[in-house]
Amino acid sequence: MKISIFKTTIRGIRPLIMHNGRLANPMDPHAKNLSAAARKYKGSKSDDDFEAVCKTEFMGALYYHKALGPYLPVDNLQAMLVEGARKRKHGKTFEAFVNIVEPDDADGYKLQYAGPRDAEELFMSDDHRFTKGVKVGTATVQRTRPRFPKGWSVEFMLEVQEGGPDANQVQDALNDAGLIVGLCEWTPRYGRFEVTDFKAA
């Protein structure tokens, strides 16, 4: 079966907000640390304990790879692409024939941006730390997430199996995803992008 490979680069036109799904897993170490920090803050209401909650939440929400630093997982890119294809009713075709290629040494692609790549330094950077009140039931609670200002970019590879969409349809899906769908958290207000490069590899 013939497979076509395309090299794609996207660039953020809105800030990107990360939220790693592992925080929903009660057995994940980051989720356990967050629960412990939240319990401590609930009892003390101190600034130091609130800062500890923010930091624990930030670290748990960050997609981080020891070799890449902050990165975007293949699953996130795949979901974005399929959702973009749905805007022209091609969602099921893309689910069946189009895949983001997973690198050999990671489950995603390096996120490029201006700023520190170390997680601790990233948390200390005002440009990359985002705290916002969100509704949880009837209460408003503060949530802290990694934030990457507009201008972030990521280069990735995608493959199209024989019988799938053509190159123009794939590019349309990427363009629609960038303008309407976005990547990661609190989309489409955040995470929107433009396609700066798309070519056969």
A correct fewest-to-most ranking of LYS40, LYS199 by other Cβ atoms within 10 Å would be LYS199, LYS40
Using a cut-off of 13 Å between beta-carbons, work out the net charge of the residues near ALA200 (Lys and Arg +1, Asp and Glu -1, ALA200 not included). 0
Take VAL101, VAL160, VAL170 and order them by how many other Cβ atoms sit within 10 Å, fewest up front. VAL101, VAL160, VAL170
For segment 43-201, alpha-carbon Rg and Dmax in angstrom: 17.9, 61
Under a GNM of the chain (C-alpha, springs under 10 Å), which listed residue has the highest mean-square fluctuation: ALA106, ALA173, ALA67? ALA67
For a quick check: sort ILE13, ILE5 by the number of other beta carbons within 10 angstrom, fewest at the front. ILE5, ILE13
Projected onto their principal axes, the Cα atoms of segment 13-69 stretch, largest extent first, over whole-Å spans of 38, 29, 19
If the chain between ASP127 and GLN142 were fully extended at 0.36 nm per residue, the gain over the current Cα-Cα distance would be 3.6 nm
Cα gyration tensor shape for segment 10-136, rounded if a/c is under 1.5, else prolate or oblate: prolate
Less than 12 Å Cβ to Cβ from GLY60, Lys/Arg counted +1 and Asp/Glu -1: what total charge do the surrounding residues give? +3
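Mind checking Rg over Rh on segment 133-177, alpha carbons, Kirkwood formula for Rh?
The Rg/Rh ratio comes out at 1.25.
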Apply the Karplus parameterisation 6.51 cos²θ - 1.76 cosθ + 1.60, with θ equal to phi minus 60°, to every residue of segment 38-51 and state each ³J(HN,Hα) to the nearest whole Hz, in sequence, with x for glycine and proline. 5, 5, 5, 5, 4, x, 9, 6, 8, 5, 5, 6, 5, 4
Between rounded, prolate and oblate, where does segment 108-193 land on the alpha carbon gyration tensor, with a ≥ b ≥ c its root eigenvalues, rounded for a/c under 1.5, else prolate if a/b exceeds b/c? oblate
Please report how far the C-alpha centroid of segment 111-138 lies from that of segment 146-175, rounded to the nearest whole angstrom. 25 Å
Calculate one ³J(HN,Hα) per residue across segment 61-71 by plugging θ = phi - 60° into the Karplus curve 6.51 cos²θ - 1.76 cosθ + 1.60, and present them in order as whole Hz with x for glycine and proline. 7, 6, 7, 9, 10, 4, 8, 9, x, x, 8
Mean Cβ neighbour count within 10 Å, used as a protection proxy, ranking 90-96, 45-51, 121-127 highest first: 90-96, 121-127, 45-51
If you average the alpha carbon positions of segment 26-80 and of segment 181-200, how far apart do those two centres end up, in angstrom? 23 Å
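Coordinate-derived values only; no laboratory data. Fair warning: this is a prediction, and the values are worked out from it, not measured in the lab. Note that we place each Cβ from the backbone using ideal geometry, even for glycine, and neighbour counts take in every protein chain shown.
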